[in-house]
Amino acid sequence: MKLVYLDNNATTKVAPEALEAMLPYLTEEYGNPSSIYDLAHKSNTAIKEAREVMADFLGAGDPKEIIFTSCGSESANTAVKGILEINRNKKHIITTKVEHPCVLNLYKDLEKKGYSVSWIDVDTNGDLDIGQLLESVTPDTALVSVMMANNETGTIYPVDKIAQAVKMQNPETKVFVDGVQAAGKIPLDLKNTKIDMFGISGHKFHAPKGIGALYVKSGTMLSPLIIGGHQERGKRAGTENVPYIVAMAAAAKLAKENMNDELTRVKALRDKLERGILSKIKNAVLNSKSKNRVPNTTNIGFQYVEGELILLHLNDEGICASSGSACTSGSLEPSHVLRAQGVPFTSLHGSIRFSLSRYTTQEDVDYTLEKLPAIIEKIVKISPFQKELKEIFK
Amino acid sequence: MWEYSDKVREHYKNPKNVGFIENADAIGEAGALACGDKLKIYLKINDKGIIEDAKFQTFGCGSAVASSSILTEMIIGKNIDEVRKITNKDIADALDGLPPEKMHCSVMGHEALEDAFKNYFGDEGNKTQSEDKKIICNCFNVSKEDIIKAIVEKGAKTLDEIKEINYAGGGCARCVPNIKMLLDKYAKKDEKLNPVQFILKINKVLETNVAGELGKDSGGIELVNVEGKDVYVKLTGTCSSCKNATMTLKNFVEAQLREHVDPEINIIEVK
């Protein structure tokens with residue numbers, strides 16, 4: 001059956017180039033980078049080169065600012081817990097209501113452990129209330145944590161400006177940015193920002209799952225999360241995952257080379273899909289309303305129909321997407337991001353996210369635009385809200 | 001993705017008996033838009049009490065549609081008395097099972113049916129239940145009795161702990177205020193120490209559990225101050241110059257205080 005993969009914010013296909021780059025390190029080049037002989041030297045050099053590629057990818061000033069981790073969640077935990085451990089006298093954190101669960105739940109946990117957390121709102125377009133954020137900064141603020149791009153709606157938050165303004169208010173406050181959904185989708189230039197730490201995950205830009213990185217600006221003190229050997233300059237113990245580090249660097253290099261394609265062709269496909277759905281399907285409403293968005297993501301709500309059912313029917317046609325509906329997650333709670341944005345219940349449960357990648361084709365978009373209207377029509381027919389739907393479809 | 005049986009897949013793909021019945025003898029409803037689930041059921045009942053026709057309309061997930069669809073198949077041609085014996089487990093079984101998190105979808109079918117009969121008979125048809133057997137959380141079919149058991153017997157103190165035990169309150173959350181009332185009534189309150197008792201307890205743990213251990217290495221510990229949950233201590237004797245002092249404080253002293261006094265205590269060393 002045909003497969004149309006429009007869930008690239010969940011994970012991506014591994015780039016063939018990334019796979020090819022890692023294979024030697026899964027077979028012949030198995031040396032431990034810390035050992036002394038020539039075999040190990042090859043692994044060591046591979047990591048060194050990968051670190052340079054990653055620094056270039058993130059726009060870091062120095063490859064030493066890159067720490068390899070196992071995933072985005074580890075990057076976030078290392079950054080946040082590491083910085084709080086160093087600044088133990090400060091007990092206030094500022095973050096947003098729309099962070100990814102891996103960050104959100106970290107702050108909920110810290111709240112239980114005695115930290116006070118300010119949760120910043122978004123408006124109905126999904127844009128952040130920056131005034132509220134800056135007013136919340138106090139001398140006791142240890143950390144400001146804002147994601148760069150939202151995973152559900154694709155909204156980009158101005159983290160560069162936020163970091164600058166926060167440092168004006170309190171130069172001691174550290175700024176962590178969850179950059180997982182931004183890396184590979186928009187250009188990054190961290191050396192020219194005041195951001196102290198920036199976390200990414202390889203599998204969101206065509207590297208395999210199980211590898212991530214954390215940028216830590218030179219001069220930023222960080223207590224390690226994983227204690228053990230001297231790897232990663234003492235900031236993350238554990239033998240380096242050489243093959244995956246090499247694969248992530250290869251994927252990062254490709255993503256950088258293809259950035260123009262992402263910003264033009266992928267964006268045009270996303271726009272075509274979005275406009276097509278909104279014009280063909282009468283009960284469709286746009287949730288991704290911000291002017292600042294990553295080029296690959298759209299989030300659309302279908303009024304009076306339920307999201308899981310849409311996804312199940314899409315799956316039967318070979319189309320993969322995801323939903324902010326309560327029923328698709330184990331928690332049975334509808335999306336906290338869309339709720340923070342004030343999306344009404346009429347379309348909240350029927351919200352679908354489509355996220356493209358550079359492997360998405362014109363054909364994929366056309367196929368989706370052909371299948372989706374019939375699916376929605378079928379589900380509309382069984383809805384108990386016939387009166388309301390008649391109003392919309394008249 | 002949930003693991004749905006082939007039966008569930010078949011029924012959400014091609015649901016049976018979709019629609020409404022004009023001049024229905026009974027109409028039942030369950031769920032609400034805000035919860036992400038709503039079901040309406042229409043029944044045609046003849047004078048012998050046989051359900052001649054049943055139709056449904058559902059706003060909901062795959063299993064909600066599947067359980068509505070199979071329910072209509074289960075009741076058409078049956079006598080009301082038989083139909084009233086159908087439980088939500090029967091509905092789930094007819095679908096070759098539902099994922100545990102999705103059981104509330106079958107409950108909804110059952111609720112709508114009850115609502116339809118209430119509408120048909122007037123209130124007398126409503127089964128009377130003892131107060132304790134009353135269902136509080138309709139999503140997961142959890143009774144008042146079960147929630148009280150979770151609090152009293154299993155020691156749940158918060159809504160989250162109750163959710164972990166029997167899922168109650170984890171669905172549409174309409175029952176959360178009721179669960180909170182039960183928590184207020186039945187949960188054991190933590191004995192709150194006043195500041196003086198708190199400091200005395202810390203000191204006692206330091207004297208009995210910690211000082212002796214440190215003394216083995218000719219070291220000692222002094223309590224300097226307590227601010228909130230931050231406990232300021234000074235290491236004395238050989239401990240004061242020990243390179244591993246920070247490790248000792250974190251791994252041993254703080255762990256002891258967290259275990260015996262308060263799990264949120266932070267140890268801070270004063271030089």
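Points worth noting:
- The numbered conditions (1) surrounded by 24 or more Cβ atoms within 10 Å (Cβ to Cβ); (2) within 14 Å of chain B (Cβ to nearest Cβ); (3) not charged (D, E, K, R) are all true for A:HIS313 except (1).
- Counting the residues of region B:241-257 that are among the small types (Gly, Ala, Ser) and either at pLDDT 85 or above or surrounded by 15 or more Cβ atoms within 10 Å (Cβ to Cβ) (or both) gives 2.
- Filter result for A:SER288 (assigned to a loop (DSSP other than H, G, I, E, B) and either at pLDDT below 95 or touching a strand residue (DSSP E or B) at 6+ places or on another chain (Cβ under 7 Å) (or both)): yes
One line per residue, one yes/no per condition, for (1) farther than 30 Å from A:GLU391 by Cβ; (2) surrounded by fewer than 23 Cβ atoms within 10 Å (Cβ to Cβ); (3) hydrophobic (A, V, I, L, M, F, W, C); (4) touching a strand residue (DSSP E or B) at 6+ places or on another chain (Cβ under 6 Å):
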site	(1), (2), (3), (4)
A:ASN192	yes, yes, no, no
A:LYS204	yes, no, no, no
A:SER223	yes, yes, no, no
A:ARG233	yes, yes, no, no
A:GLU274	no, yes, no, yes
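- Taken over region A:339-351, the residue count meeting the criterion of being closer than 17 Å to A:ALA321 by Cα and crowded, with 24+ Cβ neighbours inside 10 Å is 4.
- Qualifying residue in region B:67-75 (condition: within 11 Å of chain A (Cβ to nearest Cβ), small (Gly, Ala, Ser), in contact (Cβ under 8 Å) with a residue 60 or more places away in the chain and under 25 Å from A:PHE345 (Cβ atoms)): no
- Of the residues A:GLY126, A:GLY82, the single one that is touching a strand residue (DSSP E or B) at 6+ places or on another chain (Cβ under 9 Å), among the small types (Gly, Ala, Ser) and within 24 Å of A:ASN9 (Cβ to Cβ) is A:GLY126.
- When region B:173-202 is limited to residues that are of a type in the set (S, T, N, Q) and assigned to a helix (DSSP H, G or I), the one that is surrounded by the fewest Cβ atoms within 10 Å (Cβ to Cβ) turns out to be B:GLN197.
- Region B:226-239: number of residues that are farther than 22 Å from A:GLU111 by Cβ and free of Cβ contacts under 8 Å to residues at least 24 places away in the same chain: 3
- The set of residues in region A:345-383 that are free of Cβ contacts under 8 Å to residues at least 12 places away in the same chain and within 14 Å of another protein chain (Cβ to nearest Cβ) comprises A:PHE345, A:ALA374, A:GLU377, A:LYS381, A:ILE382.
- Hits in region B:223-240 (condition: under 10 Å from B:ILE267 (Cβ atoms) and surrounded by fewer than 16 Cβ atoms within 10 Å (Cβ to Cβ)): B:TYR232
- Identity of the residue in region B:8-46, facing chain A (nearest Cβ under 7 Å) and without any contact (Cβ under 8 Å) to a residue 40 or more places away in the chain, that ends up farthest from B:SER67 (Cα to Cα): B:LEU33
- So B:GLY122, is it more than 14 Å from chain A (Cβ to nearest Cβ), in contact (Cβ under 8 Å) with a residue 24 or more places away in the chain and surrounded by fewer than 16 Cβ atoms within 10 Å (Cβ to Cβ): no
- Scanning region A:31-70 for residues that are under 21 Å from A:GLY202 (Cα atoms) and hydroxyl-bearing (Ser, Thr, Tyr), we see that the one that is surrounded by the fewest Cβ atoms within 10 Å (Cβ to Cβ) is A:THR45.
- Selection count where residues are surrounded by fewer than 23 Cβ atoms within 10 Å (Cβ to Cβ) and either within 14 Å of another protein chain (Cβ to nearest Cβ) or in contact with a Gly (Cβ under 6 Å, 6 or more places away or on another chain) (or both), scope region B:47-57: 2
- Among (1) surrounded by fewer than 21 Cβ atoms within 10 Å (Cβ to Cβ); (2) polar (S, T, N, Q); (3) modelled with pLDDT under 90, the one test that A:SER325 misses: (1)
- When the test is whether a residue is charged (D, E, K, R), in contact (Cβ under 8 Å) with a residue 40 or more places away in the chain and not in a helix (DSSP H, G or I), A:ARG265 does not pass it.
- Considering region A:167-185, the residues that are outside any loop (DSSP other than H, G, I, E, B) and touching a helix residue (DSSP H, G or I) at 6+ places or on another chain (Cβ under 7 Å) include one that is surrounded by the most Cβ atoms within 10 Å (Cβ to Cβ), namely A:ASP178.
- Output for region B:31-86, where each listed residue is among the β-branched types (Val, Ile, Thr), closer than 22 Å to B:SER5 by Cβ and in contact with a Leu (Cβ under 7 Å, 6 or more places away or on another chain): B:THR58, B:VAL65, B:ILE70
- Residue within region A:238-256 that is assigned to a loop (DSSP other than H, G, I, E, B), among the polar types (S, T, N, Q) and more than 17 Å from the chain's Cα centre (by Cα) present: yes
The values are calculated or read from the model by the stated rules, or taken from the named source; none is laboratory data. All values reported here derive from a predicted model rather than from experimental measurement. Because the Cβ atoms are built from the backbone with ideal geometry, glycine has one as well, and the counts that use them run over all protein chains shown.
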